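**Student:** First, the structure itself, so that you have it in front of you.
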Amino acid sequence: MDLVQQIIERAKNNKQRIVLPEATEERTLKAADMVLAEGVADLILIGNPDEIHALAEKWELKNIDKATLIDPENNPKSEEYAALLTELRKSKGMTIEKARELVKNPLYLGCMIIKTEGADGQISGALSTTGDTLRPALQIIKCSPGITCVSGAMLLITKKPEYGENGVLVVGDVAVTPMPDAAQLSQIAVCTAQTAKSVAGFADPRVAMLSFSTKGSATHEVVDKVIEATRLAKELDPSLKIDGELQADAALVPSVGSKKCPDSEIAGKANVLVFPNLEVGNIGYKLVQRLGDAVAIGPILQGIARPVNDLSRGCSVEDIYYLVAITACQAMDAKK
């Protein structure tokens, strides 16, 4: 069974409640029908119920009635949510009038449902920007304890079983924070290891903090940042298996790792790679994807107290279906 199928099976075996706030969008509704037909998750669809039913009939979708439909314009919990949002954001000048308008916004409404424990995660982005997806999540759900920055991980499924976890690597940050400082980089390391556990199913994440230097082979302030981030990550999660700074070959190739870092439990054995900045991460994973013919799944947003994931506006029905399963796996882990 490949990794994607494993993720789907884990989701089916412990169904989570996932909000789709863009429920009248064609790809989203078709993906919802697939999710419901196969029992991958329980879905909450936000949109005008009459419009959703009409679209389901138009596209011959047979399973939409299995979802919970919430009309943002006629929601009996609107006043409750507006009062809570006002309280949550009063220090930022939120008024009840403004809150009443915001809870009609499907992206805000979905996050309010999660905040009040009516759902476990949310996916948007087929119609919305990343900023629009993240803004209500950070205002309402907020970051996980001890975390102050959101980041994005990518699953790389390669054809090289000798590397990573039988050819699978989890890498971050590839999506959100352009120039993390040492503290932020340490958080990215901890969160990416957690994603490796919750989504990729790694029993033993082994984190390499990447650089152009291996254990002092070069000196520069950007190397110092990676060294400091490694130290801080160990403080943030003392159980974390992590080492750095390491060059990519020292992190992945056993013969190189044993030569350059003979005493390291990570060198040559890493299955989680943390890039020093977003530029390196984004370029790096795309090179592996295109030149190495790897499958790249993500980005998977991490660091939020409950999972909220962002789609590309060019996403496919299958992309949404898979991200529902991924979000469900994250949600299971967030409850532990």
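**Student:** Using just the helices of the chain, give the 222 nm mean residue ellipticity in deg cm²/dmol: DSSP H runs with n ≥ 4 each add -39,500 (n - 2.57), and the total is spread over all residues, rounded to 500.
**Tutor:** On the way: 13 runs with 146 residues, N = 336.
Only helices count here, giving -13000 deg cm²/dmol.
**Student:** Kindly report, to the nearest 10 Å², the accessible surface of Ser198 as traced by a 1.4 Å probe over protein heavy atoms only.
**Tutor:** 20
**Student:** For the chain, what is the charge dipole size about the Cα centre, in debye to the nearest 20, if Lys and Arg each add +1 at the Cβ and Asp and Glu each add -1 at the Cβ?
**Tutor:** Value, rounded to 20: 580 debye.
**Student:** Relative contact order for the chain: what percent, with Cα pairs under 8 Å and sequence separation of 6 or more?
**Tutor:** 23
**Student:** Related question: Once Lys and Arg get +1 and Asp and Glu get -1 on their Cβ, which of Phe212, Gln184, Ser255 lies farthest toward the positive end of the dipole of region 171-280?
**Tutor:** It is Ser255.
**Student:** Cut-off 10 angstrom, C-alpha nodes, Gaussian network model of the chain. Which of Leu88, Leu311, Leu291 fluctuates the most?
**Tutor:** Judging by the Gaussian network model, the answer is Leu291.
**Student:** Right, next: When the label point is put 7 Å from the Cα of Lys12 along its Cα-to-beta-carbon vector, which residues of region 42-84 have a backbone N closer than 15 Å?
**Tutor:** Answer for this model: 42.
**Student:** From the square roots a ≥ b ≥ c of the eigenvalues of the alpha-carbon gyration tensor of region 141-297, which class results: rounded (a/c under 1.5), prolate (a/b over b/c), or oblate? Could you put the intermediate results ahead of the total?
**Tutor:** On the way: a/c = 1.34, a/b = 1.07, b/c = 1.25.
Here region 141-297 falls in the rounded category.
**Student:** Which FRET efficiency value, to the nearest 0.05, do you get for Asp132 and Asp204 by plugging their Cβ-Cβ distance into 1/(1 + (r/R0)^6) with R0 = 30 Å?
**Tutor:** Efficiency, from the Cβ-Cβ distance: 0.20.
**Student:** With +1 on each Lys and Arg Cβ and -1 on each Asp and Glu Cβ, and nothing else charged, work out how big the dipole of region 25-164 is about its Cα centre, in Debye to the nearest 20.
**Tutor:** Values: 17 positive and 21 negative charges, 149 e Å.
Computed about the Cα centre, the dipole is about 720 debye.
**Student:** Could I ask something else about it? Beyond a 20 Å Cα-Cα separation, which of these cross-linked pairs lie in this structure: Lys160/Lys260; Lys115/Lys234; Lys159/Lys269; Lys12/Lys241?
**Tutor:** Beyond 20 Å: Lys160/Lys260; Lys115/Lys234; Lys12/Lys241.
**Student:** Further question on the same structure: Looking at the chain, send over the antiparallel percent of its DSSP beta bridges, to the nearest 5.
**Tutor:** 35
**Student:** Carbon and sulfur together cover what percent of the accessible area of the chain at a 1.4 Å probe radius?
**Tutor:** Carbon and sulfur atoms account for 50 percent of the accessible area of the chain.
**Student:** I've got another one for you. Kirkwood Rh, Cα Rg: Rg to Rh for region 162-201?
**Tutor:** Checking Rg against Rh, the ratio lands at 1.03.
**Student:** How fast does the chain diffuse by Stokes-Einstein, in µm²/s, taking the Kirkwood radius from C-alpha pairs at 25 °C and 0.890 mPa s? All intermediate terms of the calculation are to be shown ahead of the outcome.
**Tutor:** Numbers: Rh = 20.6 Å.
The diffusion coefficient I find is 119 µm²/s.
**Student:** Give me the net charge of Ala41's neighbourhood, meaning all other residues with Cβ under 10 Å from the Cβ of Ala41; Lys, Arg count +1, Asp, Glu -1.
**Tutor:** 0
**Student:** Here's another thing I want to ask about it. Given +1 on the Cβ of Lys and Arg, -1 on the Cβ of Asp and Glu, and no further charges, what dipole in debye does region 1-94 carry about its Cα centre, rounded to the nearest 20?
**Tutor:** Details: 13 positive and 18 negative charges, 98 e Å.
So the magnitude is around 480 debye.
**Student:** Which net charge results when you count Lys and Arg as +1 and Asp and Glu as -1 among the other residues whose beta-carbon is under 11 Å from that of Leu102?
**Tutor:** Charge balance near Leu102 sits at +3.
**Student:** Using +1 at the Cβ of each Lys and Arg and -1 at the Cβ of each Asp and Glu in the chain, identify which of Ile7, Val226, Ser124 lies farthest towards the dipole's positive end.
**Tutor:** Val226
**Student:** Could you please put Lys142, Lys58 in sequence from largest to smallest accessible area, using a 1.4 Å probe?
**Tutor:** The ordering from most to least exposed comes out as Lys58, Lys142.
**Student:** Select from Ser264, Ser91, Ser124 the residue whose mean-square fluctuation is largest in a Gaussian network model of the chain (Cα-Cα springs shorter than 10 Å).
**Tutor:** Ser91
**Student:** Please name whichever of Thr68, Ser91, Tyr81 sits farthest to the positive end of the charge dipole of region 64-107, dipole taken about the Cα centre and charges placed at Cβ: Lys and Arg +1, Asp and Glu -1.
**Tutor:** Ser91
**Student:** Leu287 to Lys92: FRET efficiency via 1/(1 + (r/R0)^6), r the Cβ-Cβ distance, R0 45 Å, to the nearest 0.05?
**Tutor:** Numbers: r = 41 Å, r/R0 = 0.91.
Efficiency computed from Cβ-Cβ geometry: 0.65.
**Student:** Next question. Output the DSSP H helices from the chain with an along-axis C-alpha extent of no less than 20 Å and a mean Kyte-Doolittle hydropathy no less than -1.0.
**Tutor:** Correct list, ordered by number: 182-198, 221-236, 317-334.
**Student:** What accessible surface, in Å², does a 1.4 Å probe find on Cys191, ignoring ligands, DNA and RNA and rounding to the nearest 10?
**Tutor:** The accessible area comes out at roughly 10 Å².
**Student:** Further question: Taking the chain as a Gaussian network, Cα atoms linked when under 10 Å apart, which of Gln194, Gln122, Gln289 shows the biggest mean-square fluctuation?
**Tutor:** Gln289
**Student:** Set the Förster distance to 41 Å, then compute FRET efficiency between Lys104 and Val222 from the Cβ-Cβ distance, nearest 0.05.
**Tutor:** With a Förster radius of 41 Å, E is 0.35.
**Student:** If you average the alpha carbon positions of region 75-149 and of region 195-212, how far apart do those two centres end up, in angstrom?
**Tutor:** About 30 Å separates the Cα centre of region 75-149 from the one of region 195-212.
**Student:** Here's a follow-up. With every protein chain left in place and a probe of 1.4 Å, what is the accessible surface of Glu279, to the nearest 10 Å²?
**Tutor:** Rounded to the nearest 10, that gives 130 Å².
The values are calculated or read from the model by the stated rules, or taken from the named source; none is laboratory data. All of these numbers come straight from a predicted model, not from anything done at the bench. A quick note on method: Cβ atoms are made from the backbone with ideal geometry, for glycine too, and the neighbour counts reach across all protein chains shown. The protein model used for the area step is the full one, side chains on, heavy atoms only, and it has no ligands, DNA or RNA in it. Shrake-Rupley method; radii C 1.70, N 1.55, O 1.52, S 1.80 Å.
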